[in-house]
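Q: One structure, pasted below without further comment.
The values are calculated or read from the model by the stated rules, or taken from the named source; none is laboratory data. Just so it is clear, the structure is predicted and the values come from calculations on it, not from any experiment. Here the Cβ is made from the backbone with ideal geometry for all residues, glycine too, and neighbour counts use every protein chain on show. The area values use the complete protein model at the heavy-atom level, side chains included, leaving out ligands, DNA and RNA. Shrake-Rupley method; radii C 1.70, N 1.55, O 1.52, S 1.80 Å.
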Amino acid sequence: MKYTEESHITTLKEVEAFAKHLVHDLHVPIHPDDRFEDYVNLDNGERQFTQEEAAIGNRLMAECFDVCEKAGTDIYDLMFPIIEKGIMDGIDLNY
């Protein structure tokens, strides 16, 4: 899935899908508190997202926090198992 300026996250399923996209498709070692412009590929030292992509990612992560808060769900409890599964599946998360 490609997330764009028109994309929005409004459900817990969409929060999960966003996390899975970042971990499984983009191989990003996400943490809900991190800003997207801070992600750097450790292999080559380059930023993993353009400024535009980082702005979209930051907005979508803020929407994830809002959705989880409204649903009474801890965002960390929801996202960390996705990250752990990525690691267990052998995905190189560019650490």
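Q: Using a basic spin-label model with each label point 7 Å from the Cα along Cα→Cβ, how many nm lie between Glu16 and Thr4?
A: Rounded to a tenth, the inter-label distance reads 2.7 nm.
Q: Okay, next question. Tell me the label only: which of [x] 12.8, 39; [y] 15.8, 49; [z] 19.3, 63 is Rg and Dmax of the Cα atoms in Å as calculated from this structure?
A: Given [x] 12.8, 39; [y] 15.8, 49; [z] 19.3, 63, the structure-derived one carries the label [x].
Q: Can you send over the carbon and sulfur percentage of the accessible area for the chain, probe radius 1.4 Å, protein chains only?
A: 51 percent
Q: Compute the length gained on full extension between Asn44 and Asp25: take 0.36 nm times their separation in residues and subtract their Cα-Cα distance, giving the result in nm to one decimal.
A: 5.0 nm
Q: Show which lysines lie in cross-link reach of Lys2 when reach means a straight Cα distance below 18 angstrom and same-chain residues fewer than eight apart are skipped.
A: List returned: Lys13, Lys20.
Q: Now, a different point. Note down the magnitude of the dipole of the chain about its Cα centre, charges +1 on Lys and Arg C-beta and -1 on Asp and Glu C-beta and zero elsewhere, to the nearest 20 debye. Can you show the working numbers first?
A: Working: 8 positive and 21 negative charges, 36 e Å.
Dipole of the chain, to the nearest 20 debye: 180 debye.
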